[in-house]
């Protein structure tokens, strides 16, 4: 009888020790920090993720038809449509002061369409830019930054104007007067304008 009692006591001690070891290992494994790559995810997300809502996607070649230098091409894909339609594309950068413009390729120029920005389906959805394509053609998404400059400092080198060259245009001057629109100003429809950032 004593032998059975001591055997039970020994089994209880062994069971207690095993449970304590499992408990300690559980506590140790819970407290080990997990490795995180938070920067990797945000660095690989595009300012304009997603796809066009309609049309056939093609690659954009800006060498044949360059965009204004103050605009950034948001995707390497344009869209070709065969008839007038509503075009939309996601622009996640819109949440961070990027202003989207959908432009149509006309000859060797990208012509701006009236572009609207909206949350689809609501503020918890995606930030989209949309435009009405007036006819068949090739369209692309461009954008420019319009936020606080302390986040994107721009250093403008002074422009040296050589002797004997036409006088520089002021903002609003027509190029038909013979002046030249020197950086940081740019030409737009024959008028010298301030470069938009």
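Please give the FRET efficiency for residue 182 paired with residue 62, using the beta carbon to beta carbon distance and R0 = 22 Å, rounded to the nearest 0.05. Mind dumping the intermediate values first?
Details: r = 23 Å, r/R0 = 1.05.
Between residue 182 and residue 62 the formula returns 0.45.
Under a crude label model (7 Å from the Cα following the beta-carbon direction), how far is residue 112 from residue 21 in nanometres?
With each label point 7 Å from Cα toward Cβ, the separation is 7.4 nm.
Let me check against my output: what whole-number percent is the relative contact order of region 91-142, with C-alpha pairs under 8 Å and at least 6 apart?
Values: 83 pairs, mean separation 21.1, N = 52.
Computed over region 91-142, the figure is 41 percent.
For region 47-145, what's the relative contact order in percent, using C-alpha pairs closer than 8 Å and at least 6 residues apart?
Values: 227 pairs, mean separation 36.1, N = 99.
For region 47-145, the relative contact order is 36 percent.
Need one number: nm distance between label points at residue 53 and residue 122, each 7 Å from Cα along Cα→Cβ, rounded to one decimal.
If labels sit at residue 53 and residue 122, their model points lie 1.9 nm apart.
Please give the contour-minus-distance gain from residue 10 to residue 171: 0.36 nm per residue of separation, less the Cα-Cα distance, rounded to one decimal in nm.
Difference between extended and current length: 48.5 nm.
Using the per-residue mean of other Cβ atoms lying within 10 Å as a proxy for protection, in what order, highest first, do the peptides 15-26, 170-181, 69-80, 87-98 fall? Spell out each step's value before the answer.
Details: 15-26: 10.0, 170-181: 12.9, 69-80: 17.7, 87-98: 19.8.
By packing density, highest mean first, the sequence is 87-98, 69-80, 170-181, 15-26.
Every number in this text was worked out from the coordinates using simple rules, so none of it is lab data. Since this is a predicted model, take the numbers as computed values, not measurements. Cβ sites come from the backbone with ideal geometry, for glycine too, and all protein chains shown count toward neighbours.
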